[in-house]
Amino acid sequence: MKKSTSYHHGNLKEALIETALQTIDQEGLDAITLRDITEKLGTSRSAVYRHFASKEALIIGVIQRGYAQLDELFTPIFQDRTQSVQERFEKMGRAYLDFAIEHPNLYRLLFGENYRQEREEVCDYKDESQATGLYALIGLLLEAQEEGIIARADPMVQAATVWASIHGLASLLIDGHLMMRDNLEEIYRYSQAMVLNGMR
């Protein structure tokens with residue numbers, strides 16, 4: 001028996017993306033099939049094809065949604081001027097790690113080798129409207145430059161350096177390196193201090 005649908009007429013595209021995202025999150029990328037998604041939503045394959053011509057097209061929609069979620073997570077942290085630059089920098093890193101730990105399959109989809117070319121085609125980091133979290137980080141780094149916390153340098157290069165550090169830690173953590181998990185707090189604090197000190 002088909003499951004009752006959780007979407008209203010006209011919101012099928014949104015429901016497809018959300019259901020695929022949840023499936024990837026809970027079961028992994030290999031668990032995604034259009035047949036499974038249609039059964040979960042109780043809709044027809046023909047209805048799905050009106051929105052996504054293939055499984056790959058649906059996954060691209062999930063990738064775009066995943067990046068949007070990250071932007072929504074990070075942008076308010078970076079833009080909260082009631083907190084110091086150091087406080088926001090520390091909160092950003094913790095939020096990033098929490099996201100990777102809570103959503104390892106989605107994290108791997110967003111930053112792994114699978115669909116790399118497709119990601120680059122639909123998610124342009126040079127477009128501020130598509131990467132608000134990145135540009136909010138750049139804004140925070142410019143604040144840090146103005147306050148003399150870090151050296152004046154290309155903020156995009158600095159942002160890439162910050163991301164490389166926290167991404168490496170997150171990847172090691174979700175890929176089962178127990179030493180990382182056992183000493184996460186100490187390693188996190190040390191890596192954050194090293195990144196800031198290295199940009200002075």
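Miscellaneous remarks
- In order through region 123-130: 3J(HN,Hα) via Karplus (6.51 cos²θ - 1.76 cosθ + 1.60), integer Hz, x for Gly, Pro: 10, 9, 5, 7, 9, 4, 5, 9
- Put a plus charge on the Cβ of each Lys and Arg, a minus charge on the Cβ of each Asp and Glu, and nothing anywhere else: the dipole of region 47-183 about its Cα centre is then about 320 debye.
- Pairs of Cα atoms nearer than 8 Å and 6+ residues apart set the relative contact order; for the chain it is 19 percent.
- Taking the Cα centre of region 1-100 as reference, the dipole from Cβ charges on Lys and Arg (+1) and Asp and Glu (-1) amounts to some 420 debye.
- Extending 7 Å from the Cα toward the beta-carbon at both Glu121 and Ser84 defines two label points whose distance is 4.7 nm.
- Based on C-alpha pairs under 8 angstrom that are at least 6 apart in sequence, region 114-200 has a relative contact order of 25 percent.
- Computed over protein heavy atoms with a 1.4 Å probe, the accessible surface of the chain works out to 57 Å² per residue.
- C-alpha long axis of helix 55-79 to longest principal axis of the chain, angle in °: 30
- Protection proxy ranking of 103-111, 20-28 - average other beta-carbon atoms within 10 Å, highest first: 103-111, 20-28
- Segment Arg35..Asn183, full-extension length gain: 49.0 nm, with 0.36 nm per residue of separation and the alpha-carbon distance subtracted.
- Just the protein heavy atoms count here, and of the accessible area of the chain at 1.4 Å, carbon and sulfur take up 51 percent.
- Among the listed options (1) 17.9; (2) 17.0; (3) 18.5, the one matching Kirkwood radius over Cα pairs in Å as calculated from these coordinates is (3).
- Lysine pairs in the chain with Cα atoms under 17 Å, if 8 or more residues apart or on separate chains: 5
- Only helices enter the 222 nm calculation for the chain: every DSSP H run of n ≥ 4 contributes -39,500 (n - 2.57), and dividing by all residues gives -22500 deg cm²/dmol, rounded to 500.
- Contact order for region 8-117, expressed relative to its length and based on alpha carbon pairs under 8 Å spaced 6+ residues apart, stands at 30 percent.
- Angle in degrees between helix 184-198 and the longest Cα principal axis of the chain, rounded to the nearest 10: 60
- In degrees, nearest ten, helix 12-27 long axis to first principal axis of the chain (Cα): 70
- Theoretical gain in end-to-end length, Ile101 to Ala53 [0.36 nm per residue, Cα-Cα removed]: 14.1 nm
- Most to least packed among 38-44, 55-61 [average Cβ atoms within 10 Å]: 55-61, 38-44
The values are calculated or read from the model by the stated rules, or taken from the named source; none is laboratory data. The structure displayed is predicted, hence computed values, not measured ones. Every residue, glycine among them, receives a Cβ derived from its backbone with ideal geometry; neighbour counts consider all protein chains shown. In case anyone asks, the SASA skips ligands and DNA or RNA and just uses the protein heavy atoms, side chains included. Shrake-Rupley method; radii C 1.70, N 1.55, O 1.52, S 1.80 Å.
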